[in-house]
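Okay, structure first, notes after.
The values are calculated or read from the model by the stated rules, or taken from the named source; none is laboratory data. Since the model is a prediction, treat every value here as computed from it, not as a measurement. Neighbour counts are summed over all protein chains in view; Cβ atoms, including those assigned to glycine, are modelled from backbone coordinates with ideal geometry. Each accessible area value is taken on the protein alone, full model and side chains, heavy atoms only, with ligands, DNA and RNA left out. Shrake-Rupley method; radii C 1.70, N 1.55, O 1.52, S 1.80 Å.
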Amino acid sequence: GDSVTQMEGPVTLSEEAFLTINCTYTATGYPSLFWYVQYPGEGLQLLLKATKADDKGSNKGFEATYRKETTSFHLEKGSVQVSDSAVYFCALTKSGYSTLTFGKGTMLLVSP
Amino acid sequence: NAGVTQTPKFQVLKTGQSMTLQCAQDMNHNSMYWYRQDPGMGLRLIYYSASEGTTDKGEVPNGYNVSRLNKREFSLRLESAAPSQTSVYFCASTGLGTDTQYFGPGTRLTVL
């Protein structure tokens, strides 16, 4: 079946550091890929997405590129802020299906 | 627009008790979902409703029932709660032809 694998956390960074959170997937066909973010005490919200190979999703300074050859969708940000501290989930959905398959989540902690 | 709302926010049950978690969305979305979130497990799909009048099992349906009351509302029922059902429950919805899910704030359930 489909699956998503994320790097385990927590990832601890100082403010203004570069962030990478790795995500790889296993799926048949051509899935859409997502990053969701969960701030403390809240529900998940969409951060960015990409629907086909080589697409780059971006939002709030975060970026991720859909790499079909490596089945990856790594999340990056050039300079993190304390307010970026949250749990980040990589997920996929397949064309014609509405259900999401999530990774286990990666907690990011940013200190001043 | 309130988006996706869930009630209650917190609940403590004793083993064997029953309860219903309520979810409503005001975005005229067709599809609705129930997930549970457990530490180190990410989000796992319990049940979903692709459209009004239909429901389908997800990854972890045992011990739960659902009702799609109308297009706005999708409830999750625990008939006889067990400690293994201690979790945070999220409801989500998505519109026809889109793949972005919108999440509610969650219900934190403890079963003693």
Practice prompt. Select the strands (runs of 3 or more DSSP E) contained entirely in the stretch A:23-64, then report the ones holding at least 2 residues which are within 12 Å of another protein chain (Cβ to nearest Cβ) and out of contact with any Leu (no Cβ under 9 Å at 6 or more places or on another chain).
Written response: A:44-50
Worksheet, complete the sentence: Checked against (1) over 30 Å from residue A:57 (Cβ atoms); (2) in contact with a Phe, Trp or Tyr (Cβ under 8 Å, 6 or more places away or on another chain), residue B:92 satisfies every condition except (1)
Worksheet entry | Filter result for residue B:51 (over 10 Å from the mean Cα position of the chain (by Cα), under 20 Å from residue B:3 (Cβ atoms) and not in a strand (DSSP E or B)) | yes
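Conditions (1) in contact with a Gly (Cβ under 9 Å, 6 or more places away or on another chain); (2) within 12 Å of chain A (Cβ to nearest Cβ); (3) in contact (Cβ under 8 Å) with a residue 24 or more places away in the chain, marked per residue:
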position: B:76; (1), (2), (3): no, no, yes
position: B:82; (1), (2), (3): yes, no, yes
position: B:95; (1), (2), (3): no, yes, yes
position: B:98; (1), (2), (3): no, yes, no
position: B:108; (1), (2), (3): no, yes, yes
Worksheet item: Any residue in the stretch B:50-70 that is touching a residue at least 40 places away in the same chain (Cβ under 8 Å) and either small (Gly, Ala, Ser) or surrounded by 14 or more Cβ atoms within 10 Å (Cβ to Cβ) (or both)?
Response: no
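For the stretch A:65-81, name all the residues that are open to solvent by less than 40 Å² (accessible area, probe 1.4 Å) and more than 14 Å from chain B (Cβ to nearest Cβ).
Taking the stretch A:65-81 as the starting set, the residues that turn out to be open to solvent by less than 40 Å² (accessible area, probe 1.4 Å) are A:65-66, A:72-73, A:75, A:77, A:80.
Passing the criteria: A:65, A:72, A:73, A:75, A:77, A:80.
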